[in-house]
Amino acid sequence: MPSLREKSVLITGGAGFIGSHVVDRIVKENPRRVIVVDNLFLGNEDNLGDARKHYPGLVFLKKDASVESEMESVLKQYQVDVVFNLAVIPLPTSLIKPKWSVDHNINITTTWCDLARKGCYQTLIQFSSSEAYGTAQSVPMNESHILAPLTPYAASKAADDFVVLSFVETFGIDAAIIRPFNNYGPRQNDKSYAGIIPIVVKKVIANEPVEIHGDGRQTRDYIYVTDTARAAIACYEHVESRGEITNVASGIEISINDLVGLLLEKMNADNLTVTHVDRRPGDVRRHCADITKAKRLFQFDQKVNIADGLNLTVDWYLRKRGLA
């Protein structure tokens, strides 16, 4: 079984929300070297604080992961063995700058596939997105579910997956794809392009009304971010994952109305006003994953349920603001 021990590992988008948790998990594997590449479009170098405590030699490079010549130089300089590719332009940006977002996302992935084709490193673990599926046509959604992306971002992530699989088939690169559903937890962006959980926490702290887009009956499959990080390393360790797309999720759906209700209850804010506003463009109606494949390929299962995960998340945001 492959191990990250004594490997040189590069993480693109590693200063972001999910990326920084992947870095936290990787440094515990005793790698020879850890390199984070992030242009800080959404990431924050402060997110690497915990990882640096455990691994003071961590290298951070503020660079664009889509520039192949620069990335090739980085791979050679640090003799990289494994790449975890999380660099991405997020969904909300694709609603404002659609062409740029799609072009950039596909260029990032094609860059790393081409560098693998050229033998610049050994293994690629590519991060996909459940948004590639669009709204559930059947539940639970397994990896054979139709791809019907509803936003330019989702379309770019679906395209990324086909790019990786084509390079596996045509050039024999060593690559695997994990497809996380909705991640939440500490460090999730609470500013521009924030998700519903940090938005609600922020509104409660400010004692402001909470807005829910649409009727709130749309569902999501939430996965705590450390479970996703653990799955990414397990995906690398199990060669059965190569050339495959694998869902990473809880396998449990929850409506946005119920999620907001849980958050308000945990924050003792049940009396806060909740209003419904226009639905967001491209908002999927239903998501619930089938994680049978992840269990089979790399023995994955969620460790943190939604109740415990929300407690941990709320506590982190309160501590961040000096309120706990």
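A few comments on the model shown:
- So THR246, is it of a type in the set (S, T, N, Q) and over 16 Å from the mean Cα position of the chain (by Cα): no
- The set of residues in region 1-26 being under 19 Å from ILE178 (Cβ atoms) and open to solvent by 10 Å² or more (accessible area, probe 1.4 Å) consists of MET1, PRO2, SER3, LYS7, GLY13, GLY16, PHE17, ILE18, HIS21, ASP24, ARG25.
- Among the conditions (1) open to solvent by 30 Å² or more (accessible area, probe 1.4 Å); (2) within 20 Å of SER156 (Cβ to Cβ); (3) in contact with a helix residue (DSSP H, G or I) (Cβ under 9 Å, 6 or more places away or on another chain), the only one that GLU29 does not satisfy is (2).
- Residue identified as farther than 19 Å from TYR317 by Cβ and under 16 Å from the mean Cα position of the chain (by Cα) among ARG279, ARG230: ARG230
- Residue list for region 266-324, restricted to those being open to solvent by less than 60 Å² (accessible area, probe 1.4 Å) and small (Gly, Ala, Ser): ALA269, GLY282, ALA289, ALA294, ALA307, GLY309
- For region 203-217, the criterion of being among the polar types (S, T, N, Q), assigned to a helix (DSSP H, G or I) and either crowded, with 21+ Cβ neighbours inside 10 Å or over 13 Å from the mean Cα position of the chain (by Cα) (or both) is satisfied by no residue at all.
- When region 40-98 is filtered for residues that are open to solvent by 50 Å² or more (accessible area, probe 1.4 Å), in a helix (DSSP H, G or I) and in contact with a Pro (Cβ under 8 Å, 6 or more places away or on another chain), the ones remaining, listed by number, are LEU95, PRO98.
- Boolean, VAL260 is of a type in the set (Val, Ile, Thr) and within 30 Å of PHE167 (Cα to Cα): no
- Of all residues making up region 223-259, the number that are more than 29 Å from ASP283 (Cα to Cα) and of a type in the set (A, V, I, L, M): 3
- Note on region 240-284: residues that are in contact with a Lys or Arg (Cβ under 6 Å, 6 or more places away or on another chain) and farther than 26 Å from ASN207 by Cβ amount to 3.
- GLY282 falls short on exactly one of the conditions (1) modelled with pLDDT under 95; (2) closer than 14 Å to ARG179 by Cβ, and that condition is (2).
- Within region 48-66, residues that are over 19 Å from LYS7 (Cα atoms) reach partners that are in a strand (DSSP E or B) and modelled with pLDDT of 95 or more with beta carbons closer than 9 Å, at six or more positions or on different chains, in the pairs LEU48/VAL36; LEU48/PHE60; LYS62/VAL37; LYS63/VAL37; ASP64/VAL37; ALA65/THR12; ALA65/VAL37; ALA65/ASN85.
- Taken over region 122-158, the criterion of being small (Gly, Ala, Ser) and touching a Cys at 6+ places or on another chain (Cβ under 9 Å) is satisfied by ALA136 alone.
The values are calculated or read from the model by the stated rules, or taken from the named source; none is laboratory data. The structure displayed is predicted, hence computed values, not measured ones. We place every Cβ from the backbone using ideal geometry, glycine too, and count neighbours over all the protein chains shown. SASA here: full protein model, heavy atoms, side chains in, ligands and nucleic acids out. Shrake-Rupley method; radii C 1.70, N 1.55, O 1.52, S 1.80 Å.
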